[in-house]
1. Going by the conditions given, is Val31 over 25 Å from the mean Cα position of the chain (by Cα) and at pLDDT 80 or above?
2. Scan region 69-98 for residues that are assigned to a loop (DSSP other than H, G, I, E, B) and surrounded by fewer than 15 Cβ atoms within 10 Å (Cβ to Cβ) and jot them down.
3. Only residues that are modelled with pLDDT of 85 or more, surrounded by fewer than 16 Cβ atoms within 10 Å (Cβ to Cβ) and of a type in the set (Gly, Ala, Ser): list them for region 99-121, please.
Amino acid sequence: MTTISLSLDDRSKKQLDQIVAKTNRSRSDIVRDMIAWYELKATADAMQQNAMPLLRRLAWRLTTILQNMPPKIRVVPDSNVLIAAALNRSYCYDWLFGASEPRATYELYVSEAILSETSRKLADRFGFSRRILQNT
């Protein structure tokens, strides 16, 4: 156990006595908690000072990367991808809905022919209701 010796002025002693009276804790417990709090605050301050240059560099690199990014790739998924996404939560489902995320590197496009083929296959082969398919 480490022993710490503190010399307090009269005002600080009076404040410490008031805290002891209010909390029913010993002086040593309160002083230990205060020291721990100051150490934590000093550590947090040091971390913040060290983190700021790192955050500035990171923000600069992200800005540079975003400015130099190529345009998004245009993708036209075939009917089999759309059907797989409609049937279950597979990779195709995640991939189709991933296009709506801001960081996606691709955009989805679809044609009337692919939509009609997908609708026809879902109704004929998988028993989807044509009325439901017309509303989507």
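1. no
2. Looking only at region 69-98, we keep the residues that are assigned to a loop (DSSP other than H, G, I, E, B), and these are 69-72, 76-78, 88-90.
Within region 69-98, Met69, Pro70, Pro71, Lys72, Val76, Asp78, Asn88, Arg89, Ser90 qualify.
3. Answer for region 99-121, where residues must be modelled with pLDDT of 85 or more, surrounded by fewer than 16 Cβ atoms within 10 Å (Cβ to Cβ) and of a type in the set (Gly, Ala, Ser): Ser111, Ala113, Ser116.
The values are calculated or read from the model by the stated rules, or taken from the named source; none is laboratory data. On a predicted model such as this, the values are computed, not experimentally measured, just so you know. Don't worry about glycine lacking a Cβ; one is built from the backbone with ideal geometry, like all the others, and counts go over all protein chains shown.
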